[in-house]
Amino acid sequence: MNGSSDNARRNLKRARAISGSNEARTVYAEWAASYDRDVFSTLKVTGTDTIADLLHEHSADPESTRVLDAGCGTGAVAARLKMHGFTCIDGIDLSPDMLKIAHSKRLYRHLTEADLNQPFDMPDSPYPAIVSAGTFTTGHVGANGFHNLFAHLKNDGLMACVVANPVWQGDRFNRLIDDLPASVLVNRVEATMQDGEPDAHMLVLRRN
Ligand SMILES: C[S@@+](CC[C@H](N)C(=O)[O-])C[C@H]1O[C@@H](n2cnc3c(N)ncnc32)[C@H](O)[C@@H]1O
């Protein structure tokens, strides 16, 4: 392993060991500047593009669909959605440092600092589409956050999320999705890194 790969793995490991929102702010403040290089160039994370592609596949009219990107980070989901023709994307994230980088890319209409683990307000809620990558993961956001987010989904709206296996199992997502007023369009376990082991659920729901 070379130095940049060591650093990227160390940063990923540190993020996965986060426990709680205050620690998340600190860890992402320190990771923000090298996040894109570490995650996409070095670690070759693919889950972000996969979930954006799935949202696109199930969207009838991307151009007129307002999307909320939850845990938007530096904006990688929005970059992919824009490629697919989405034009109106709002982002929320806990980390001001990650949001600053997202802002500099001019991909989002509005960016809001919010903690998914608490109920939060969005002026334009409910949304016809919600997407999230890398946020329903160890030490970040689980079932409570999922319910907080689902509350912002319009009837008939689409929600596309990557949910890491430990969160899926630990927070009993099988039961959670059975109890939601929603139809499951996609639920498959896949690798979120190039050549990696299957480690997360790619979940797409339509709210009834
Ligand atoms: C692994 S990054 C994923 C970023 C982006 N979606 C991507 O695919 O590159 C996880 C993001 O979740 C955010 N996050 C962590 N805990 C959060 C919380 N409780 N509420 C909102 N965002 C949170 C972090 O600040 C970080 O930007």
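The values are calculated or read from the model by the stated rules, or taken from the named source; none is laboratory data. No experiment lies behind these values; they were computed from the predicted model shown. Quick reminder, even Gly has a Cβ in these numbers, built from the backbone with ideal geometry, and neighbours come from all protein chains shown.
Values as computed for the structure displayed
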{"quantity": "Strands (runs of 3 or more DSSP E) completely within the stretch 120-208 that count 3 or more residues being in contact with a Gly (Cβ under 8 Å, 6 or more places away or on another chain) and surrounded by 21 or more Cβ atoms within 10 Å (Cβ to Cβ)", "calculated": "127-136"}
{"quantity": "Criterion violated by Asp90 - all others in (1) touching a His at 6+ places or on another chain (Cβ under 9 Å); (2) outside the structural domain of Met193 (by TED's automatic domain parsing); (3) of a type in the set (Asp, Glu) satisfied", "calculated": "(2)"}
{"quantity": "Which listed residue is of a type outside the set (S, T, N, Q), in a helix (DSSP H, G or I) and without any contact (Cβ under 8 Å) to a residue 40 or more places away in the chain, from Ala8, Ala29", "calculated": "Ala8"}
{"quantity": "Residue match in the stretch 99-107 (condition: in contact (Cβ under 8 Å) with a residue 40 or more places away in the chain, under 21 Å from Asn11 (Cβ atoms), surrounded by fewer than 20 Cβ atoms within 10 Å (Cβ to Cβ) and near the ligand (Cβ under 9 Å from one of its atoms))", "calculated": "no"}
{"quantity": "Exclusive hit being charged (D, E, K, R) and touching a helix residue (DSSP H, G or I) at 6+ places or on another chain (Cβ under 7 Å), set Asp61, Asp49", "calculated": "Asp49"}
{"quantity": "Considering residues of the stretch 55-76 that are of a type in the set (Val, Ile, Thr) and within 17 Å of Val162 (Cβ to Cβ) only, the residue nearest to the ligand (Cβ to nearest atom)", "calculated": "Thr74"}
{"quantity": "Subset tally (residues that are within 13 Å of Ala70 (Cβ to Cβ), within 15 Å of the chain's Cα centre (by Cα) and of a type outside the set (A, V, I, L, M, F, W, C)) for the stretch 107-141", "calculated": "10"}
{"quantity": "His84 in the same structural domain as Val186 (by TED's automatic domain parsing) and free of Cβ contacts under 8 Å to residues at least 40 places away in the same chain", "calculated": "yes"}
{"quantity": "Top-ranked residue in the stretch 11-22 [being assigned to a helix (DSSP H, G or I) and in contact (Cβ under 8 Å) with a residue 60 or more places away in the chain; ranked as farthest from Gly142 (Cα to Cα)]", "calculated": "Ala15"}
{"quantity": "Filter pass, Asp36 being among the charged types (D, E, K, R) and either touching a Pro at 6+ places or on another chain (Cβ under 6 Å) or within 13 Å of the ligand (Cβ to nearest atom) (or both)", "calculated": "yes"}
{"quantity": "Residue that is surrounded by the most Cβ atoms within 10 Å (Cβ to Cβ), among those in the stretch 1-33 that are hydroxyl-bearing (Ser, Thr, Tyr), at pLDDT below 95 and over 17 Å from Val45 (Cα atoms)", "calculated": "Ser21"}
{"quantity": "Subset of the stretch 34-49 (residues that are surrounded by fewer than 20 Cβ atoms within 10 Å (Cβ to Cβ) and closer than 19 Å to Pro198 by Cβ)", "calculated": "Leu43, Lys44, Thr46, Asp49"}
{"quantity": "Criterion (closer than 15 Å to Asn117 by Cβ and at pLDDT 95 or above) met by exactly one of Leu149, Leu203, Leu153", "calculated": "Leu149"}
{"quantity": "Subset of the stretch 77-88 that is within 12 Å of the ligand (Cβ to nearest atom) and buried (at least 24 other Cβ atoms within 10 Å of the Cβ) - its residue that is nearest to His103 (Cα to Cα)", "calculated": "Ala78"}
